[in-house]
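Please treat every number below as a calculation from the coordinates, not as lab data. The shown structure was predicted, so the numbers you read here are calculated from the model rather than taken from an experiment. Using ideal geometry, Cβ is built from the backbone for each residue, glycine included, and neighbour counts are taken over all protein chains shown.
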Amino acid sequence: MVDISAYALDKRVAVVTGAGSGIGRATARLLAAAGAHVVCADVDGVAAERTAAEFGGVPAEVDVALREQVAELIEGTARRFGRLDILCNIAGIIRTGLVVDVPEEDLDAVWAVNFKGTFHTCQTAARIMCAQGSGAIVNTASGAVDSATPEIMSYSVSKAAVVQLTKNLAAEVGRFGVRVNAVAPGLVRTAMTSRHYLRPDGSIDEDARAAAEKPLRRMSPLGMIGEPEDIAHAVHYLVSDAARFVTGQILRPNGGVAMPW
Ligand SMILES: NC(=O)c1ccc[n+]([C@@H]2O[C@H](COP(=O)([O-])OP(=O)(O)OC[C@H]3O[C@@H](n4cnc5c(N)ncnc54)[C@H](O)[C@@H]3O)[C@@H](O)[C@H]2O)c1
């Protein structure tokens, strides 16, 4: 039966990490618009508050790399609302450098946020969701796992680990009614990808960005660079009942740049 209400998230309790900016902010907004109570978590507390204030969400200043802070975020949310239905792990960082040059500190920093941050939230949330008998988790990988783009090895490795974590967890928790998926976005216009085109006054040099995007657009059959909302819609689908038969999958909103089996 066709039922559009499968996309509704009425009164579901959601935690979104990285909610202060870019894809996380767009996702928090969209889940709230679909009816969810959204806890907006970000290491940048001011940014988290800004997002939460847009729709009456709950702000939380949390560094996902710190296990105790994550435990307080996830367990505190479940205590406050009496349940936890949705976890979207969107917080992430990138460091660039050739493999032969990359300092160990950069490797550790990226691993701590992108992989271990995702692991901490997944572990804590999965315990609660399994006991509850329901829940949906979406992690954020990257199109970087589908190729070997130079100078982002530490980032790509951390995202490949997120893919594997997603599959392993999905295999373990499905019998408790919990689904675990990931998105692997292509290039999206956010603070993370616009930093190369920042002028000293903080504005973006649109001409420089358009020039840099040109060859990347050509790689997409759609000729597109993504906007944060393009990824938020994919996340919304995965956490909704419309995806009740979907787990352990990597969804690629990437303009068709990569088409793996
Ligand atoms: N923008 C892209 O092209 C792209 C492509 C593929 C994947 N991604 C992934 O999407 C996610 C969101 O990226 P974005 O482009 O929106 O970037 P962004 O920089 O706009 O947003 C990232 C947010 O995460 C927060 N954050 C960083 N470290 C944190 C920590 N330790 N604890 C809590 N919050 C933290 C930042 O404060 C920021 O608000 C990331 O995981 C990124 O790797 C982005």
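General remarks:
- The residues VAL102, VAL70, VAL145, when put in order of fewest to most other Cβ atoms within 10 Å, stand as VAL102, VAL145, VAL70.
- Only helices enter the 222 nm calculation for the chain: every DSSP H run of n ≥ 4 contributes -39,500 (n - 2.57), and dividing by all residues gives -13500 deg cm²/dmol, rounded to 500.
- Which of ARG189, ARG29, ARG199 has the fewest Cβ neighbours within 10 Å, and the rest in rising order: ARG199, ARG189, ARG29
- Derived scalar couplings ³J(HN,Hα) [region 58-64; Karplus, 6.51 cos²θ - 1.76 cosθ + 1.60; whole Hz; x for Gly, Pro]: 9, x, 8, 8, 9, 9, 5
- A simple spin-label model places the labels of ARG127 and PHE55 2.9 nm from each other, with each point 7 Å out along Cα-to-Cβ.
- Qualifying lysines (Cα of each under 30 Å from Cα of LYS214; at least 8 residues distant if same chain): LYS159
- Separation of region 152-227 and region 1-64, taken as the distance between their Cα centroids, equals 19 angstrom.
- For the pair LYS167 and ALA242, a Förster radius of 22 Å applied to the C-beta separation gives a FRET efficiency near 0.55, rounded to the nearest 0.05.
- Each semi-axis of the equivalent ellipsoid for region 91-135 is √(5λ) with λ an eigenvalue of the Cα gyration tensor; in descending order they amount to 32, 8, 6 Å.
- Within the chain, the selection of entire DSSP H helices by a Cα span of 15 Å or greater along the long axis and an average Kyte-Doolittle value of at least -0.5 returns 22-33, 45-55, 117-132, 153-173, 228-239.
- If only the Cβ of Lys and Arg carry +1 and only the Cβ of Asp and Glu carry -1, the dipole of the chain around its Cα centre is close to 820 debye.
- Sequence-distant residues sharing a close amide H with ALA136 (under 5 Å, placed H): ILE86, LEU87, ARG179
- Debye log10 I(q)/I(0) at q = 0.14, 0.27 Å⁻¹ for region 191-261, Cα point scatterers: -0.60, -1.22
- Remark: THR96, THR140 ranked as THR96, THR140, counting other beta-carbon atoms within 10 Å and listing the fewest first.
- In the chain, the ratio of gyration radius to Kirkwood radius, Rg to Rh, stands at 0.96 when only Cα atoms are counted.
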